[in-house]
Every structure is written in structure tokens, then in C-alpha cells.
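**Student:** Take this structure first; my questions come after.
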Amino acid sequence: SPVPGSSAMELLEADSFVLQSFDTVTGLKFFVTAEPESKHLDAVLKDVYMLYSDYVLKNPFYELDMPIHCERFIQKLMKLADDYNKRG
């Protein structure tokens with residue numbers, strides 16, 4: 001990292017997109033790409049983490065480091081994205 005004492009990338013801004021990241025205390029990383037004018041992406045990523053915690057980690061059939069095959073999580077994630085896009 002170019003900033004002394006920093007070890008994580010949080011935001012990358014380019015002309016045609018932004019890349020926002022969220023690091024959990026357990027070391028899991030979430031990323032989202034969006035239009036440059038997008039707002040509150042950090043809050044969106046925290047909401048994604050809450051959904052992940054509620055629907056994936058509490059699923060007794062899910063194994064860490066495996067692909068996520070949890071229909072309820074996907075449904076909630078799609079609703080979160082739809083709601084965010086409607087807010088604009």
C-alpha cells in the first residue's frame with residue numbers, strides 16, 4: 001500500500017467505474033463495482049456481509065471456501081441490489 005500503516009485497498013476510482021472493498025474482522029473480503037457516481041457503497045457492502053452472515057454462515061450445509069449455493073442468500077442479495085438501484 002502506498003500509505004504508511006495501511007494494508008488494505010478500500011476504494012479504487014477510475015473514469016468508468018469504482019471498486020469498493022470491505023474487509024471483515026475474520027479476513028473475508030467483499031468487493032463491489034459500480035458506476036463512478038454511485039454513493040454509499042460501503043453501506044451496501046456491510047449489508048451484503050449481514051446477508052452472508054445470516055443466510056450462508058448459518059446454513060449447516062455450507063462449507064467455508066466453497067462456492068455459495070444458497071438460494072435464499074441469492075434472493076436477498078438480488079433484492080438488495082434492486083433496492084439500491086431504485087434509490088439511485
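The values are calculated or read from the model by the stated rules, or taken from the named source; none is laboratory data. The model shown is predicted, which means the values in this text are computed figures rather than measured ones. Cβ: placed from backbone, ideal geometry, glycine included. Neighbour counts: every protein chain shown. Accessible surface is based on the protein model in full, side chains and every heavy atom, while ligands, DNA and RNA are left aside. Shrake-Rupley method; radii C 1.70, N 1.55, O 1.52, S 1.80 Å.
**Student:** Whenever you get a sec, line up S38, S21 from highest to lowest accessible area (probe 1.4 Å, protein heavy atoms).
**Tutor:** Numbers: S38 35, S21 10 Å².
Descending accessible area places them as S38, S21.
**Student:** Continuing with this model, one more query. Just to confirm a number: summing +1 for Lys and Arg and -1 for Asp and Glu over residues other than Y84 whose beta-carbon lies under 12 angstrom from that of Y84, what do you get?
**Tutor:** 0
**Student:** Heavy-atom accessible area of K29 with all protein chains present, probe 1.4 Å, nearest 10 Å²?
**Tutor:** So the heavy atoms of K29 present about 120 Å² to solvent.
**Student:** Summing Lys, Arg as +1 and Asp, Glu as -1, what charge do residues with Cβ under 12 Å from the Cβ of S53 carry, S53 excluded?
**Tutor:** In short, +1.
**Student:** Have a look at V56, L19, S38 and report the one farthest towards the positive end of the charge dipole of the chain, computed about the Cα centre with Cβ charges (Lys/Arg +1, Asp/Glu -1).
**Tutor:** V56
**Student:** Further, regarding this structure: With charges only on Cβ, +1 for K and R and -1 for D and E, what is the dipole size of the chain about its Cα centre, in debye, rounded to 20?
**Tutor:** With Lys and Arg at +1 and Asp and Glu at -1, about 320 debye.
**Student:** Where the accessible area of the chain is counted over protein heavy atoms with a 1.4 Å probe, how much of it, in %, is carbon and sulfur? Kindly include the intermediate steps, with their values, before the conclusion.
**Tutor:** Details: 3860 of 6850 Å².
Here it works out to 56 percent.
**Student:** Would you mind checking the tilt of helix 41-51 against the longest principal axis of the Cα atoms of the chain, expressed as 0 to 90 degrees and rounded to 10?
**Tutor:** Approximately 10 degrees, to the nearest 10.
**Student:** Return a whole-number percent for the relative contact order of the chain, with Cα pairs under 8 Å and 6 or more residues apart as the contact set.
**Tutor:** Contact order relative to length: 17 percent.
**Student:** Using alpha carbons only, how many degrees (0 to 90, rounded to 10) separate the axis of helix 71-87 from the longest principal axis of the chain?
**Tutor:** 40
**Student:** Please compute the net charge surrounding L41, taking Lys and Arg as +1 and Asp and Glu as -1 over other residues with Cβ under 15 Å from its Cβ.
**Tutor:** Net local charge, L41 excluded: -4.
**Student:** In bins 5 Å wide, starting from 0, what share of all Cα pairs of the chain does each bin hold, as a percent?
**Tutor:** 3, 12, 21, 21, 19, 12, 8, 3, 0
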